[in-house]
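Right, one structure below, let's go through it.
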Amino acid sequence: MVKIEYIEIMTADMGTPNPLPDIKNVQYIHAGFEVTKNVNEEERKYLGKGMIDTVLPYKVQDGYSREKKLTKIKTVVLENEYLKAVFLPDFGARLWSLYDKKNQRDILYTNTVIQPCNFAILNAWLSGGVEFNVGIKGHTPLTCSPMFSEKLDEDTVKFYEFERIRRVSYSITAYLPKGSETLYLRTRIENTEDKEKYMYWWSNIAFPETEKTRVIVPAHSAIHCSYQENHYVVDKTSVPISNGIDVSYSMNLQASADYFYQIPDEKRKWVVAVDPNGVGLLQYSNAKLRSRKLFLWGNKTGGRHWNEFLSEEGQAYIEIQAGLATTQLEHIPMPANTVWEWTEGYTSVCGKNENYYGDWEQAIAEVERVMEEKIARGMIAPEKLGDLTLKNSGEILHTASSWGALENKLRTEKNAENISRYNAFPLVNDGQTQDFIQLLEKGYLPCPAVENEPSAYVASEEWRNQIEKSLKMKEGVHWYTYLQLGVTEYALGNFEKAKDAWEKSVELSENVWALRNLSALYKNEWKDNNKALYYQAKVYARKEALDNLSLVKEYASWLTSMGMDEKWIETYATLNETMQQNGRLRVYLAMALLHTGKAEQASKIITPDFVLSDVKEGELALSKLWKDIYTQIVEKKTGLKGKALETEVERLYPLPYSLDFRMHD
C-alpha cells in the first residue's frame, strides 16, 4: 500500500540558502589523501578522479539553526503486512525508517529529530535512515532538497530528480509486494548526453550502535581510511582482525574510520549489521553495486559528541554502505548514452542468533544460510534482482524543482535527447526557477532591484548561450543578466570572461553581488589579495552588505585570515543584535580578539555553553580556539613555555565535551 502520512517530529528550520555563488571557497573541501604501498595500482586507479572545484549551479544550504520545534513533516509510506517503509520526499527521498511489524522494531537507526548539520556538499545534512548519494563524492547535493514522488501502483513508489552538476536523471523505485519480508529499491542513473561523465553512488544505511553491534560481510580484506587533520591515510588491512583488534565490532575502535570491504567478484554482495538485542539488518544487491563499507564514529569524545550533536543525548549509530566504486575517494567513468541500474534488498534478521558472534567464517556462513532460507520463502535472490520488472510512470504525489523540465526544453531546442526516458519532469512553482523560465519563454532575464538576492544560478554551455541571447534584446541588457553570465562563465572555467561580465554588471548598476564575485575570484582563483580587498571595500561600502549574513560571514573570514582583526572587531560592533548572536560570527570575533592579545575577552565567547550550528565535519576551529585562548592566558600568568605550558593548559582547562568535534587521534 502506498499512502501519504505526516509525522510530528522536533525539527530545525532549514532557513534560506546562501545567495553567494561558490567561487572555489572552502565549502567543498577536497580532503587530501596519502596512499600506502599496500594499495595496488588497480585499487588506486580512480582515486582523486572526477573531483569538482565548485558546487555551482547549486546554492549552499547553510541557513539552518539548532532551534527545533514540533513540526508536521510529509512522508511517503510503502507498507504491507510485514514492513512499513517511511520516506521523506523533501529530504532527498531518504528512507527514514523501516519498521519490522512482526518483531515490532525499526531495523534502521531512525533519528529522533531533524537537525541539519554541516556534512554535505551543500552543507546541510541529516543523520539516520538510508541516504541515496549520487554524482559527486560526499553527501549528494539533493540530500536536503525535494524529490519528485510517483505512485506507480499499490506496491510501488518512485522518487526522482535531475542532478545538475553531472547533468543526469536518477531515480529510486521502492517495491514492497504483499507477503514480502523484503523492501526492494531499484536505482537508475541515466546519462543521455553524448559524452562520458564521472559517476558516483553510495547508499548510506544508518544502524543503531550498541556495545556488541557487529558488521558481517563476505570479505577478508578492506581498504582502510583513517581520518587525520586535513587528509586521509588510505591503507589496506585484513578483516575481521586488524592489528590484533576485531574490527567487525565498531565499539572496539577508538577513532573515526572507514572500512571499504573487498568482496571477491564471485561472492554475493551483501552486508549485515546485528546486535545482541535481536535487531539486525541484511542489505544485499545484484553485482552492479559491488562495494560495501563500514563507517564508525569511534569511541573518542569527539565521535561520541558528533552522534549526539546530530541527534539527541544518548544517540549512537554506525553506517553500513553500498557503492559502485572501490572507495568514496573516487568517481568512475560512465559512458555516453548509458543507463546504469541495480536493485537492493533490505530485510530484517534476528541479532540474537549466536552464530553471528563467533568465528568469522561461521558468521558469514550463517548469513548465507539465513539468506537461502528467506529466498525459499519468496525473497528474490541477489542474482535474480536484475530481472525484477517495475512500472515507470504513475500518479505524482510530490513535486520537486523545474530544473529537469527546463533542461528538457533546452535539449529540445537543439534536437537532443531528453534527460530521461523514464521520468516526467513537469514545470512546477518551486520558487527558484522563475527567472530562467522567463528567459526561455520571453528570451530575456528580468531585472530585479540590486538589493534583491539572486534567485538561483545556472552552469552549462546551453544556459550560457541563452543568457548571451538575452543580451541581444534591449530588455535583457542590465546588471542582472551580466551577473548571471559571469556566474555561468565561471562555472565553465572561463575566469576572464566571468571577470568581464561582472565588471559590466557593476558598470550598469553597482551591486554587492558582482563586486563580491570579483573579490572572490581574485582571492580564491588568482591569489591576488590586494585586488580582492579593493573589491571587498566596495562591497562593504554599501549598506545592504552588512545586512546580509552570508556576506558578513565571508567578510569576517577574510579579515581574520588576512591580519585585519581590528577591522573585524570594529565591524562586529556595528552589527544588529541578531547578527551579533550568530555563532560563526562570534567564532571570528573570538579569533580576532585572540590575534590581538585579548584572550580573556575571547574566553568569554568560547565557553562550554557555546554552540556553533554549522561546525563542519573535520573542522577543529573550536578545539583549537579553546587551546589557543588558554595557552595565551596561562603563559601570561605563569611565564611557562613549550611542553610545560601545554601540560599546564591541559590540566587547568581540559577541552569541554560540548566543544569536542575531533575525529582523529
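The values are calculated or read from the model by the stated rules, or taken from the named source; none is laboratory data. Note that this is a predicted model, so its numbers are computed, not measured. Using ideal geometry, Cβ is built from the backbone for each residue, glycine included, and neighbour counts are taken over all protein chains shown.
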Residue satisfying condition, being at positive phi, surrounded by 16 or more Cβ atoms within 10 Å (Cβ to Cβ) and not charged (D, E, K, R), within set GLY597, GLY618: GLY618
Near pairs, Cβ below 6 angstrom, 6+ apart or cross-chain, from the range 449-475 (in contact (Cβ under 8 Å) with a residue 12 or more places away in the chain and small (Gly, Ala, Ser)) to any residue that is surrounded by 13 or more Cβ atoms within 10 Å (Cβ to Cβ) and not in a helix (DSSP H, G or I): SER455/GLN432; ALA456/GLN432; ALA459/LEU56; ALA459/PRO57; SER470/TYR444; SER470/LEU445
Residue among LYS74, LYS37 that alone is touching a His at 6+ places or on another chain (Cβ under 9 Å), surrounded by fewer than 18 Cβ atoms within 10 Å (Cβ to Cβ) and basic (Lys, Arg): LYS74
Residue, nearest to the chain's Cα centre (by Cα), within the range 327-371, restricted to residues that are among the β-branched types (Val, Ile, Thr), more than 18 Å from TRP270 (Cβ to Cβ) and outside any loop (DSSP other than H, G, I, E, B): ILE332
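Kindly indicate the residue of the range 356-380 that is more than 23 Å from LEU108 (Cβ to Cβ) and either charged (D, E, K, R) or modelled with pLDDT of 95 or more (or both) and also surrounded by the most Cβ atoms within 10 Å (Cβ to Cβ) among those meeting that condition.
First, pick out the residues of the range 356-380 that are more than 23 Å from LEU108 (Cβ to Cβ): 358-362, 365, 369, 372, 376.
From what's left, either charged (D, E, K, R) or modelled with pLDDT of 95 or more (or both): 359-362, 365, 369, 372, 376.
Numbers: ASP359: 11, TRP360: 17, GLU361: 10, GLN362: 12, ALA365: 13, ARG369: 12, GLU372: 12, ALA376: 9.
If we take residues in the range 356-380 being more than 23 Å from LEU108 (Cβ to Cβ) and either charged (D, E, K, R) or modelled with pLDDT of 95 or more (or both), then TRP360 is surrounded by the most Cβ atoms within 10 Å (Cβ to Cβ).
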Tally of residues being under 21 Å from GLY179 (Cβ atoms) and surrounded by fewer than 24 Cβ atoms within 10 Å (Cβ to Cβ) across the range 87-96: 0
Residue ranges of strands (runs of 3 or more DSSP E) in the range 162-248 with at least 1 members under 30 Å from TYR58 (Cα atoms) and at pLDDT 95 or above: 168-175, 182-191, 197-199, 201-208
Scope the range 372-395; condition under 16 Å from LYS151 (Cα atoms) and in a loop (DSSP other than H, G, I, E, B); matching residues: THR389, LEU390, LYS391, ASN392, SER393, GLY394
Residue in the range 68-81 that is in a loop (DSSP other than H, G, I, E, B), in contact (Cβ under 8 Å) with a residue 24 or more places away in the chain and touching a helix residue (DSSP H, G or I) at 6+ places or on another chain (Cβ under 6 Å) present: no
Checking ILE114 against (1) surrounded by fewer than 24 Cβ atoms within 10 Å (Cβ to Cβ); (2) more than 24 Å from VAL339 (Cα to Cα), the condition it does not meet: (1)
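Restricting the search to the range 440-465, which residues are part of a loop (DSSP other than H, G, I, E, B) and hydrophobic (A, V, I, L, M, F, W, C)? So that I can check it myself, show each step before the final result.
Residues of the range 440-465 part of a loop (DSSP other than H, G, I, E, B): 443-460.
Hits for the range 440-465 are LEU445, CYS447, ALA449, VAL450, ALA456, VAL458, ALA459.
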Hits in the range 418-455 (condition: of a type in the set (Ser, Thr, Tyr) and in contact with a strand residue (DSSP E or B) (Cβ under 8 Å, 6 or more places away or on another chain)): SER420, TYR422
Residue among LEU585, LEU612, LEU655, LEU625 that is under 29 Å from ALA255 (Cβ atoms) and part of a helix (DSSP H, G or I): LEU625
Count - residues of the range 310-341 that are of a type in the set (Phe, Trp, Tyr) and crowded, with 22+ Cβ neighbours inside 10 Å: 1
Enumeration of residues in the range 244-259 that are within 19 Å of PHE661 (Cβ to Cβ) and among the acidic types (Asp, Glu): ASP258
Scan of the range 624-661 for residues that are surrounded by 13 or more Cβ atoms within 10 Å (Cβ to Cβ), touching a residue at least 12 places away in the same chain (Cβ under 8 Å), farther than 29 Å from PRO17 by Cβ and not aliphatic (A, V, I, L, M), ordered by number: TRP626, LYS627, ASP628, TYR630, THR631, GLN632, GLU646, GLU648, TYR653, PRO656, ASP660
The range 176-199, residues that are aromatic (Phe, Trp, Tyr) and buried (at least 24 other Cβ atoms within 10 Å of the Cβ): none
ALA498 being in contact with a Pro (Cβ under 6 Å, 6 or more places away or on another chain) and under 18 Å from PRO57 (Cβ atoms): no
